[in-house]
Structure formats: C-alpha cells, structure tokens
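The structure appears right after this line, and notes come after that.
The values are calculated or read from the model by the stated rules, or taken from the named source; none is laboratory data. Note that the structure is predicted; figures quoted are calculated from it, not measured. With ideal geometry, Cβ positions are generated from the backbone for all residues, glycine too; neighbour counts draw on all protein chains shown. SASA here: full protein model, heavy atoms, side chains in, ligands and nucleic acids out. Shrake-Rupley method; radii C 1.70, N 1.55, O 1.52, S 1.80 Å.
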Amino acid sequence: MSNAIEVRNLCKSYPGFALRDVSFTVPEGECCGFVGPNGAGKSTTLRILAGLAFPDSGEIRLLGRPWGEVSIREETGILPDYPCFQENWTPEDIGKVLAPFYRSWSKVQYGQYLDRFGLDPKKKYKNLSKGMQQKLALAVHLSHETRLLLLDEPTGGLDPAAREELLDIFREYMVPEGRSILFSTHITSDLERIADRIVYIHKGAVSYEGGREELANAYCVVRGGRIPEEKQRYAIGLRQTDTGYECLMELAHIGGLPADTVTENASIHDVVVYMERNTRCLECCI
C-alpha cells in the first residue's frame, strides 16, 4: 500500500517552540487523527503540510510526490481552524473566484453542496455561523477532485448535531478508494468514530504512531488503594487521593500489582486524557 503522507525528520523552529525530527506516515485510504496537548505542534505540522509555512529541514511527500510540487495542490483540500475568505464575499463569489484555480472544478457539484449544506449562495461570509463557515470551506474542497484532506480542528466549537453532520461528510468522502484524511482534534469521540490511525505529538515530537485499536489495546486504566513505589514510574497521569489512586499503565507493566487492584480496558478517550494529564503533571514539576 502506498502512503498519502510521508513525513521524515521534519524540523521547524520558532521562538519558544520547535518541531523536533517529526516523522510519521498516513497510508492511502486511511483517516488519521492527529492528537496532543495545546502547543504540541499539531497546527504547525499541518500548516507546513498545507504549504502555508516552510520547514527548516526534513522530507515530506504527499500523494507520492515531493512536497512543494504544484500538482499536489489540485488534489489536496485544506481546512484550517478558521477558514479565511473575504468577509463580504458570498458563497457565489467564492465559487467564481476559486474555480479558475482548479482544473477539475465542478460548478454543478459546488451548487449541490451549497444546497445540501443549507448555504445561501448570496449570504455574506461574515454573517455565517462557525459551522456554516466550515461547511462552506468543505463545499469548496469537495467540488474539485481531492484525494487528501488536511483538517485543523474541523469540528471544534460546533454543536453536537453540526459535528455529527461533518463526521458523516468525512465518512462519505472516504468511501471511494484512494482518499485520505489527516485531522487534528481534541474531541476524542471523533477519533472513536472515524479515525483508523492515530499520531500523538508532544512538545514537538511524535510519541506514538499506529492503529487506533492498537493504541487502546496497549493500555489499561488501573485503580487501587496504594500503588507500589516500584510501579509508580510506569503510572501515566497518576492521581492519588486519601482513598486510593488511578492511572493509565501499559499492559506489560501491570503484573505484580496488589490483589485489590482493579484494571479496565482503556478507551482512546482514556489514553488521550491520561497522557495529557501526565504532561501537565510533568510540566508542573519542571
């Protein structure tokens, strides 16, 4: 199977932050969730992949071609956290302006998506809700022949109904073979619903890359009255109270815990929450 995204040793430095040898792949035909704490490097990585920022070093290939090749843009849809269109433009204006940039642009398909999403072609962009602005950006990218979507927090700030509608659109998009999605999110239920794969990034470095199920199956939630001192170094996101403790722990390390210990299969939500709690605890100690 070929890869839709290949990132090798990507580095980018800003004052106070740096991506450090970021490497991961997204196989063709898969939907990949890109997760990690705020400031971990998700948006920076997505901006570089989208061609909105330049890396200091590293190698990137999109759709089997070197990053920067102009033809890639025709087949890539980019949805930032806040889509940027002229405030006074209408969906009709946006379609007219963007059509010449895409050889595969379909005016008919664009009109169909506007109708499906309930978007008034003559309503100004600034008067659309956040959810409607997201749908408009999607309508643009679904109206030419994209094979890869790069999405930065696509469902952030949306109500549950609007979020589920967008997830349905992503599921539909993935039906034809050869299409791929990379999306960042803090909403773990989105990962459970549509992600085949997960990349976890922390402080500008990738700490996990692999299948969604494999990630959850590698850990369990542990609760008990007292955690042995020799096991504390394996405890992720450890929280201790007067009545006991809870943490996340790799399955390989749960042997030898006291008899009163309770273990439960971890969900993706558990893994992300405990890892981010662990991050905050470590940073408080620095």
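If I ask for residues that are in a strand (DSSP E or B) and touching a Ser or Thr at 6+ places or on another chain (Cβ under 7 Å), which ones from segment 66-112 would you list? Those that are in a strand (DSSP E or B) and touching a Ser or Thr at 6+ places or on another chain (Cβ under 7 Å): Thr76, Gly77. Taken together, Gly118, Gly156, Gly131 contain a single residue that is within 19 Å of the chain's Cα centre (by Cα) and assigned to a loop (DSSP other than H, G, I, E, B), which is Gly156. Being open to solvent by less than 70 Å² (accessible area, probe 1.4 Å) and within 20 Å of the chain's Cα centre (by Cα) holds for only one residue in Pro80, Pro66, Pro91, and it is Pro80.
Within segment 125-174, being among the hydrophobic types (A, V, I, L, M, F, W, C), open to solvent by 10 Å² or more (accessible area, probe 1.4 Å) and farther than 14 Å from Ala195 by Cα holds for Leu128, Met132, Leu142, Leu158, Ala161, Ala162. For segment 208-262, a residue qualifies if it is open to solvent by less than 40 Å² (accessible area, probe 1.4 Å), in a strand (DSSP E or B) and of a type in the set (Ser, Thr, Tyr), and the qualifying residues are Tyr219, Tyr245. Residues in segment 18-30 that are open to solvent by 50 Å² or more (accessible area, probe 1.4 Å) and assigned to a strand (DSSP E or B): Arg20, Asp21. Does Glu177 fit the bill of being in contact (Cβ under 8 Å) with a residue 60 or more places away in the chain and either charged (D, E, K, R) or assigned to a loop (DSSP other than H, G, I, E, B) (or both)? When the stated conditions are applied, Glu177 passes them. Only one entry of Ile72, Ile48 meets the criterion of being touching a strand residue (DSSP E or B) at 6+ places or on another chain (Cβ under 6 Å), of a type outside the set (Asp, Glu) and buried (at least 18 other Cβ atoms within 10 Å of the Cβ), and that entry is Ile72.
Considering only residues that are surrounded by fewer than 21 Cβ atoms within 10 Å (Cβ to Cβ) and in a loop (DSSP other than H, G, I, E, B), which ones fall in segment 180-199? Those that are surrounded by fewer than 21 Cβ atoms within 10 Å (Cβ to Cβ) and in a loop (DSSP other than H, G, I, E, B): His186, Ile187, Asp196.
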